[in-house]
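Structure record follows, encoded as structure tokens.
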Amino acid sequence: MKSYRKELWFTTEERTAFINITPQIQDALKESDIKEGFVLVNAMHITSSIFINDDEMGLHQDFDVWLEKMSPHEPVLQYKHNIGESNADAHIKRQIMGREVVVAITDGKLDFGPFEQILYGEFDGKRRKRVLIKIIGE
Ligand code: ZN
């Protein structure tokens, strides 16, 4: 069995963002030379997410609006966590959108269903944050 590890780094200009990272995962898969196995992709910070959905701008705006209704950023002092920081909403948004995804690798490719893409969700950006890619197989 082979294994491969890589980190991706992001610094978003906005506090919240959705980024399609499927091309970077496909690059990592090529570098790994693994043809059959699994890839795990996880956010390494507790205020960002990795999830699978469609890469469609209207849908991303809908996620944004829905998350903001569920857990509004302002007023920051509505959250007990926000003593000396202001990112409680980002912790909650990460919890809703998830930490990681696992995708099957078949014949050297990500074995996706229709329209599936791997997305990075940022909820407390404007600073350097990491995503882990771990691929195992042969
Ligand atoms: Zn915090």
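A short reminder: the numbers here are calculations on the coordinates, not readings from a lab. As the structure is a prediction and not an experimental result, all values here were calculated from the model. As a convention, Cβ positions derive from the backbone with ideal geometry for all residues, glycine included, and neighbour counts pool all protein chains shown.
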Can you tally the net charge around Glu13? Count Lys and Arg as +1, Asp and Glu as -1, for every other residue whose Cβ sits under 14 Å from the Cβ of Glu13.
+2
Above-threshold pairs, the threshold being 29 Å between Cα atoms, out of Lys69/Lys134; Lys6/Lys80; Lys6/Lys35; Lys93/Lys134:
Lys69/Lys134; Lys6/Lys80
Assigned charges on the beta-carbon of Lys, Arg, Asp, Glu; the chain dipole about Cα centre (debye)
640 debye
Quickly estimate the mean residue ellipticity at 222 nm for the chain, helices only: each DSSP H run with n ≥ 4 gives -39500 (n - 2.57), and the total goes over all residues, rounded to 500.
-8000 deg cm²/dmol
Summed residue charge, Cβ within 12 Å of Asp107's Cβ, Lys/Arg positive, Asp/Glu negative
0
Compare the Cα positions of Ser71, Gly113, Ala88 along the charge dipole of the chain (+1 at Cβ of Lys, Arg; -1 at Cβ of Asp, Glu; about the Cα centre) and return the one farthest towards the positive end.
Ala88
Take the chain, connect every pair of alpha-carbon atoms lying under 10 Å apart with a spring to form a Gaussian network, then pick out the residue of Arg99, Arg128, Arg15 with the largest mean-square fluctuation.
Arg128
Summed side-chain charge close to Lys30 - residues other than Lys30 whose Cβ falls under 14 Å, Lys, Arg +1, Asp, Glu -1
0
Let me know the charge dipole size of region 76-138 about its Cα centre in debye, to the nearest 20, where only the beta-carbon of Lys, Arg (+1) and Asp, Glu (-1) is charged.
420 debye
For helix 57-70, report the angle its Cα long axis makes with the longest principal axis of the Cα atoms of the chain; keep it between 0 and 90° and round to the nearest 10°.
50 degrees
Report the residue, chosen from Asp89, Asp54, Asp62, that carries the largest GNM mean-square fluctuation when the chain is represented by alpha-carbon nodes joined by springs under 10 Å.
Asp62
How large is the direction-averaged shadow of the alpha-carbon convex hull of region 7-137, in nm²?
8.1 nm²
Residue order, fewest to most beta carbons within 10 Å, for Val101, Val65
Val65, Val101
